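The values are calculated or read from the model by the stated rules, or taken from the named source; none is laboratory data. Computed from a prediction, not measured in an experiment: that's the story for all the values here. Virtual Cβ from ideal backbone geometry, glycine too; neighbours counted across all protein chains shown. Ligands, DNA and RNA are excluded from the accessible area calculation, which covers all protein heavy atoms including side chains. Shrake-Rupley method; radii C 1.70, N 1.55, O 1.52, S 1.80 Å.
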Amino acid sequence: MLLSIQNADVSYGGELILRDVNFDIREGEKLAVVGRNGCGKTTLLKLICGELTPQPRDSDDQPVIAKTGDPVIGWLSQMTFADEHATLGEELKRVFEPILELKRNMDDALKRLEQSEDHALAEQYALMEERFNYLGGYRYEKDYDMLYSRFGFLKEDENRPLSEFSGGQRTKIAFIKLLLSRPDILLLDEPTNHLDISTIAWLEDYLAEYPRAVVVVSHDRLFLDRVAETVWEIERGRLKRYPGNYSEFVQMKKEAHDKQMKDYLAQQKERERLQAVADRFIHKATKANMAKSKLKAIEHMEVIEKPEEADTRAFHGLSEPARESGRDVLITENLGVGYDEVLCKVSLVLRKGKKLGVIGGNGLGKSTFLKTLMGQIPRKSGKYEFGYGVDVGYFEQQMAKSMSTKSVLNEFWDTYPTLTETEVRNVLGGFLFSGDDVFKNVSDLSGGEKVRLALAKILQTRPNFLILDEPTNHMDIVGKEALEEMLSDYKGTVLFVSHDRYLIRRLADELLIFRPGGAEYFPFGYEEFERHYGREKLLAADEVWKIESSKNEDKEPAPEKPKKGNPGKERAKAERRVARLEQLIEENDIKKAELEESMADPANASDYEKLQELQNKLDELNAQADAYMEEWESLEAELSGE
């Protein structure tokens, strides 16, 4: 046992955060800590590393923190830079000072052993060599090169001073230092934040092979599945241990809850039966003893508590768009995206109802692609267009950083001033803003709360095409699962950028993959993507590759059944007719709006003959619209193979 915490209560700011903590870390163990935002996960890490101490108790069960030996505990928040003017290379290599000092001592001892046979010195050398190997002395240079390149730094960056690096880059530098220091207990708080998918996949493999203990707090469920051997959940201030990874924890928790509820209901039923018998016969002399025995049986029952319902409050929104879009929602042809230069070119056709996941390394143009579609930055080349009847709802990362001084209520109400206060509160309640929460300033909200508010505003318009840039950032696991559920039920089309592979795996039925050199379309979901290319290919972050059509031959959708005549010609004819019908429907809507406006004109209010004429024309247009829609739906079903 490396570290053991017993009977610990932890308060922060006068509030009891954790109670009765009993937590162990064994050598080489990989532990995950999960729970809703604000439940105390980071507080537990601070307790482990000694930043917080448990409060004394009035009872004899005083808190105890015991360690075996003197394990080194490493935490990213404790990694500091001694000299801002030092270069990146100098700062990283400071981690190796204990190894280099030990190597100098070993070399000195070896020279002395060559001159004389000193058994004590030989034993000392053996101990030093064992320690040198434990610290990674025989592979530290290889580790340095691997970590340096894996986190995206170039060779020339080694000579740049630390002061020139951005906040995100400095976090990565601190992360590299932490991993190179190889602590006995490695504490990681949301380590996958701001890492691209290939780096996350590499980190999973690295930690799985890491020979020492790891305690990780993360909302990345696939990461936890592939790293964790044990899960500790914090719920309502208490910790509970579950063996296995995250998916196994979810299953075990559900099974335990269901069993406890079943046992509780059975016991309640038995108590009611015994009590009924006792009440019936307690006043009858001949059967009073039987009644008393039933009461005694109730008294001696080991009470089974009703299981607490999990804290699964989740937001929800409208899943039905206000109107249906045409078949082609988005078309791009050699669309060049970038700022000063073209980062990549994108060509695709996104069909109605599809959910397209956009993945790839940082800085390759994913968010830039979305901003180009929304007209926030000009396209560099090519073209793009939205299809017939497309209504876009756009979420960008900046929305999670809003510093508005308005209250939540006013922020939403100012966007939709025609709603009543009751209607506004009902919408906000669906996104977990209830009671006094609606009077909080937007600038005081957490990142996850700001995301919920932004989504509430977007979904109120009932768009049929959602464009989302990292929507699950800042959300806890329950929030992510709620968003997944909402997007799964959503009847429109979705294009989303994400590093959350659990979300991608569940939601995306198509992928757009950004790699150095370009963006490639993949017509299947994430699991098929991993199976097709394997983790070795996925981990090759710097490799420029394209999806070879020959590899996908066996995965192409089955060809359509032959039709009479030329199938290709018939299909093209049907597609042209669909496009024409969409145009006719739109023209029909315009004519109907003009007629309705004429009918509402006060000048025609008493001209009943005129009104009847207008009504007849409107009836004709409505009938024509129904005919158009019926033909459109029939052709759509035919083209989609339904």
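Can you pull out every residue in the stretch 333-359 that is within 12 Å of residue 521 (Cα to Cα) and touching a helix residue (DSSP H, G or I) at 6+ places or on another chain (Cβ under 9 Å)? Don't jump to the end; show me each part of the working.
First, the residues of the stretch 333-359 that are within 12 Å of residue 521 (Cα to Cα): 345-350, 356-359.
Listed by number, the residues that qualify are 346, 357, 358, 359.
Scanning the stretch 132-145 for residues that are part of a helix (DSSP H, G or I) and surrounded by 15 or more Cβ atoms within 10 Å (Cβ to Cβ) turns up 132, 140, 143, 144. Residues of the stretch 148-165 that are within 26 Å of the chain's Cα centre (by Cα), surrounded by fewer than 20 Cβ atoms within 10 Å (Cβ to Cβ) and over 23 Å from residue 500 (Cβ atoms): 149 alone. Counting only helices (runs of 4 or more DSSP H) that sit completely within the stretch 400-468, those holding 2 or more residues that are touching a residue at least 12 places away in the same chain (Cβ under 8 Å) and more than 26 Å from the chain's Cα centre (by Cα) correspond to 408-415, 421-430.
Taking the criterion of being assigned to a helix (DSSP H, G or I) and either at pLDDT 85 or above or surrounded by fewer than 21 Cβ atoms within 10 Å (Cβ to Cβ) (or both), the residues of the stretch 469-479 that qualify are 477, 478.
Among the residues of the stretch 1-37, what is the count of those that are free of Cβ contacts under 8 Å to residues at least 24 places away in the same chain and open to solvent by 40 Å² or more (accessible area, probe 1.4 Å)? The total comes to 3. Restrict the check to the stretch 503-522 and report whether at least one residue is at pLDDT 85 or above, of a type outside the set (D, E, K, R), open to solvent by 40 Å² or more (accessible area, probe 1.4 Å) and closer than 21 Å to residue 351 by Cβ. There is at least one residue in the stretch 503-522 that is at pLDDT 85 or above, of a type outside the set (D, E, K, R), open to solvent by 40 Å² or more (accessible area, probe 1.4 Å) and closer than 21 Å to residue 351 by Cβ.
Scanning the stretch 400-410 for residues that are open to solvent by 30 Å² or more (accessible area, probe 1.4 Å), in contact with a strand residue (DSSP E or B) (Cβ under 8 Å, 6 or more places away or on another chain) and either polar (S, T, N, Q) or farther than 28 Å from residue 427 by Cβ (or both) gives a single hit, 405.
Tell me whether the stretch 211-234 contains one or more residues that are under 23 Å from residue 141 (Cα atoms) and surrounded by fewer than 16 Cβ atoms within 10 Å (Cβ to Cβ). Spell out how you get there, then give the answer.
We begin by selecting, within the stretch 211-234, every residue under 23 Å from residue 141 (Cα atoms); these are 211-214.
Then drop every residue that is not surrounded by fewer than 16 Cβ atoms within 10 Å (Cβ to Cβ), which leaves 211.
Yes, that holds for at least one residue.
Being in a strand (DSSP E or B), modelled with pLDDT of 90 or more and either open to solvent by 20 Å² or more (accessible area, probe 1.4 Å) or over 23 Å from residue 471 (Cα atoms) (or both), is that true of even one residue in the stretch 313-330? Step through it out loud before you land on a result.
The first filter runs over the stretch 313-330 and keeps only residues in a strand (DSSP E or B), leaving 328-330.
Now drop any that are not modelled with pLDDT of 90 or more, which leaves 328-330.
If we keep only those that are either open to solvent by 20 Å² or more (accessible area, probe 1.4 Å) or over 23 Å from residue 471 (Cα atoms) (or both) too, we end up with 328.
Yes - at least one qualifying residue is present in the stretch 313-330.
Please go through the stretch 384-398 and pick out each residue that is under 23 Å from residue 586 (Cα atoms), of a type outside the set (Gly, Ala, Ser) and touching a Leu at 6+ places or on another chain (Cβ under 9 Å). Passing the criteria: 384, 385, 386, 390, 392. Residues of the stretch 356-376 include none that is open to solvent by less than 50 Å² (accessible area, probe 1.4 Å), closer than 30 Å to residue 194 by Cα and more than 26 Å from the chain's Cα centre (by Cα). Counting the residues of the stretch 384-399 that are under 25 Å from the mean Cα position of the chain (by Cα) and surrounded by fewer than 16 Cβ atoms within 10 Å (Cβ to Cβ) gives 1.
Taking first residues from the stretch 275-293 that are open to solvent by less than 100 Å² (accessible area, probe 1.4 Å) and partners that are basic (Lys, Arg) and at pLDDT below 85, the Cβ contacts under 6 Å between residues at least 6 apart in sequence or on separate chains come to 281/287. Whether a residue is farther than 24 Å from residue 373 by Cα and β-branched (Val, Ile, Thr) was assessed, and residue 494 does not pass this test.
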